[in-house]
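Only one structure is covered here, and it is reproduced in the block below.
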Amino acid sequence: MKKKLLSLLLVSSIIAVSPVTAYADEVSDEELANEEAESIEEEVVTDNRIIPNGISIGGTDVSGKTVTEAEDVVNSYFADYDSKVFTLSANGQTFTATGKDLCIGAKNPEVVEKAASYGSTGNFAERFKASKDLEDGRGKDFPLSLGADEKGIEFYLNGASSQVNDEASDDYLTRENGQFVFHEGKAGVVVQIPESAALLENFIENDWDGNDTTVELVTEVKEPRGSKEELAEIKDLLGSFTTDYSSSSKARKNNVANGVGFINGTILYPGDEFSVLNCITPFTAENGYMLAGSYENGTTVETYGGGICQVSTTLYGAVREAELGVVTRSSHSMIVTYVKPSQDAAISESGGKDFQIKNNKSYPIYIEGYCDGNNAYFNIYGKEEDDPGHSVAYETEITGVNVQNTTWVGDPNVPLGKMTTTVGGHTGYTARLWKIVYENGTEVSRDVYNNSKYNPSNRTVTVGIASEDPNLSYAMLQAIATQDVNVIANAIATYAPGVANSTPFIITPKYQVTNAAPANEAAPAADTTNAAPDATTDPAAVPAN
């Protein structure tokens with residue numbers, strides 16, 4: 001029985017986590033599962049120890065059989081139970097399970113080991129008596145006990161019980177014409193998995209007659225959370241933030257508005273955690289997303305949901321202003337333009353980047369999000385618990401600048417000296433965000449709120465080498481081959497004087513190293529005691545700006 005459950009769990013886990021493999025011919029999930037199951041079977045070690053004569057298990061003679069053959073006898077003994085039908089009832093509804101689903105088998109699977117070692121274990125007197133009994137024809141029968149594996153039943157119920165669960169829906173609010181409107185939830189009835197598994201195990205082992213049967217599962221009524229009075233406390237604007245996406249493509253604007261719409265109306269009760277990734281995924285056309293630019297391995301590619309990080313970043317701004325708890329936050333792999341460094345929050349379905357928050361307040365909060373075609377907005381409402389003189393501010397400090405390299409490429413189809421940027425590239429930065437708390441206008445604390453790292457990505461600039469004079473073309477190509485910006489600049493000035501170029505030879509970073517501490521004080525060391533989790537720099541696909 002336990003071996004059966006182990007194989008089931010192993011196959012399930014292998015299917016869930018195995019990397020996708022390309023096959024010349026299409027292979028179905030069922031065929032892959034069968035291959036995995038077969039590989040597990042092939043790893044089973046055969047036990048060739050011989051069962052002594054005169055030994056039976058559950059009334060079946062296993063004399064002279066190997067341990068592996070005796071185990072097959074035990075499995076056959078319980079095989080008839082695999083097809084037995086259990087009608088499981090809950091919440092006025094039913095679903096069926098088989099004995100195999102409930103992992104019915106031997107309660108004492110060690111019986112085969114005991115049979116194999118009979119007469120060869122124990123003290124001298126015990127071994128002598130057992131051997132003598134067998135020699136004299138007094139055989140030994142090892143009874144079998146019917147059992148069920150509680151963990152196996154839990155495994156099954158975790159997936160199957162959703163057929164009869166009636167989930168509760170919490171009381172909630174909508175915001176209409178600037179006012180909150182209360183909506184009443186409803187109670188639900190859900191199966192209690194551990195309690196139901198224990199009930200089924202006890203029934204199978206002690207009360208079941210071996211026939212098809214019906215069992216009532218353990219359920220619990222789940223009342224809706226919240227009340228009209230509790231939600232009425234949501235009336236104060238705790239924090240708000242806006243970002244501009246007016247220059248975005250139509251597809252990117254769609255993605256931002258789509259993501260904001262998923263989050264709009266979220267209510268978090270005290271202690272609740274909220275995952276932006278879980279709320280707005282999957283990034284598919286069926287879920288309302290379009291193809292737009294996103295970062296992947298240092299470059300920009302077209303992916304469904306491109307631009308979605310502006311949604312999480314805008315929410316991050318409102319969360320900071322409301323002083324909600326931040327559970328997980330990551331910076332982008334490369335810098336974005338719609339907020340200052342360390343004020344972004346990246347999302348990546350494939351890279352595992354999420355933005356998660358926690359309601360650390362004593363009352364529920366309501367998240368309002370909307371777009372107007374040019375800007376994304378998030379407002380967080382709740383009950384103001386701070387004194388009127390309390391306020392916060394956030395300052396970005398640039399701690400390092402890593403200017404990207406430039407690759408210069410000659411282009412024979414472009415006039416001599418004409419420069420064109422074909423890949424823009426990004427300057428790399430390290431940054432931290434400071435949280436400054438004021439009470440009645442006086443600064444009372446200044447702590448590091450997060451740390452961020454943004455990788456550089458190289459730019460590519462083509463330089464025209466087309467000329468009626470091949471000597472000039474050759475000279476320009478030689479200058480480009482040095483990849484030295486001064487040599488290339490002098491060559492253009494010498495061989496193509498007066499050429500109009502908007503591409504700069506030298507990159508001037510948008511941000512310079514700064515110091516967020518007061519001018520008369522050295523910047524304090526990063527205090528991570530109360531800081532939000534540091535940003536990661538996973539280069540997996542992250543929607544770009």
In whole Hz and in residue order, list the ³J(HN,Hα) couplings for segment 267-272 that follow from phi through the Karplus curve 6.51 cos²θ - 1.76 cosθ + 1.60, θ = phi - 60°; x for Gly and Pro.
10, 10, 7, x, x, 5
Order of Met419, Met290 from fewest to most other C-beta atoms within 10 Å?
Met290, Met419
Highest average packing first - 352-364, 240-252, Cβ atoms within 10 Å:
352-364, 240-252
Hey, got the Cα dimensions of segment 390-453 along the principal axes, in Å, largest first?
66, 18, 12
Defining a contact as two alpha carbons under 8 Å apart and six or more residues distant in sequence, what relative contact order in percent does segment 347-479 show?
25 percent
Output the peptides 337-345, 506-514, 47-55 sorted from most to least packed, where packing is the average of other Cβ atoms within 10 Å over each peptide's residues.
337-345, 47-55, 506-514
Semi-axis lengths (Å, descending) of the ellipsoid that matches the C-alpha gyration tensor of segment 282-423:
37, 20, 14
Just how large is the dipole of segment 392-498 about the Cα centre, in debye to the nearest 20, putting +1 at every Lys and Arg Cβ and -1 at every Asp and Glu Cβ?
180 debye
Please compute the Kirkwood hydrodynamic radius over segment 91-166, one decimal place, Å, based on all pairs of different Cα atoms.
15.9 Å
Hey, could you get me the Stokes-Einstein D for segment 236-543, Kirkwood radius over alpha-carbon pairs, 10 °C and 1.306 mPa s, rounded to whole µm² s⁻¹?
74 µm²/s
Going by C-beta contacts inside 10 Å, put Thr482, Thr314 in order with the fewest on the left.
Thr482, Thr314
Take Phe203, Phe262, Phe283 and order them by how many other Cβ atoms sit within 10 Å, fewest up front.
Phe203, Phe262, Phe283
For the ranges 276-282, 457-463, 225-231, what's the packing order if you count other beta-carbon atoms within 10 Å of each residue, average per peptide, and put the highest first?
457-463, 276-282, 225-231
Could you give the distance between the Cα centres of segment 124-148 and segment 348-368, to the whole Å?
64 Å
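Quick note: the coordinates plus some simple rules give every number you see, no bench work behind them. Note that the structure is a prediction, hence the values are computed from the model and not measured. Counting neighbours? That spans all protein chains shown, and the Cβs are built from the backbone with ideal geometry, glycine included.
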